[in-house]
Amino acid sequence: MENEKKKLKTMIISMSIVLCIFILAGVVLTFVLKSKKGNLDTLNKQNYELAQELDESQKENDYYFNPDGSYTDDYKNDYFEREKGYGKDGDKKIDIVDDDNNNN
């Protein structure tokens, strides 16, 4: 009888220690995972912003240039529709040369 009580007491203490280890591991993992989730959210936000910036840059590039690298007619028309061109007064003006007529 006394031997059974010792075994029962040892088993209860062992189970209590294992339970405490599981609870402690759960708490630690919860904080670690929350931290990692915060980092992941930040990286996802940066990735989304970079994707938007890339998309805008690609649209701007498609507006200015043809696949062969020459300027598009829309860009030339937009440039020449302005009386003074782009820039501020006193800035050097840059002439756009039609690549189809001048091969450099």
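The values are calculated or read from the model by the stated rules, or taken from the named source; none is laboratory data. All values reported here derive from a predicted model rather than from experimental measurement. Backbone-built Cβ (ideal geometry, glycine too); neighbour counts: all protein chains shown. SASA here: full protein model, heavy atoms, side chains in, ligands and nucleic acids out. Shrake-Rupley method; radii C 1.70, N 1.55, O 1.52, S 1.80 Å.
Here the Karplus curve 6.51 cos²θ - 1.76 cosθ + 1.60, taken at θ = phi - 60°, turns the phi angles of the stretch 28-39 into couplings of 4, 5, 4, 5, 5, 5, 5, 5, 5, 5, x, 4 Hz, with x standing for Gly and Pro. In the context of the full set of protein chains, residues of the stretch 4-57 present 95 Å² of accessible surface per residue (probe radius 1.4 Å, heavy atoms only).
The distance separating the Cα centre of the stretch 20-34 from that of the stretch 39-61 comes to 34 Å. Annotation: amide H-H contacts under 5 Å for Phe65 (H modelled 1.01 Å from N, sequence separation of 5 or more, or interchain): Thr72.
If the segment from Leu24 to Leu40 were pulled out straight at 0.36 nm per residue, it would be longer than the present Cα-Cα gap by 3.3 nm.
Here the dipole of the stretch 10-66 is about 620 debye; that uses its Cα centre as origin and unit charges on the Cβ of Lys and Arg (positive) and Asp and Glu (negative).
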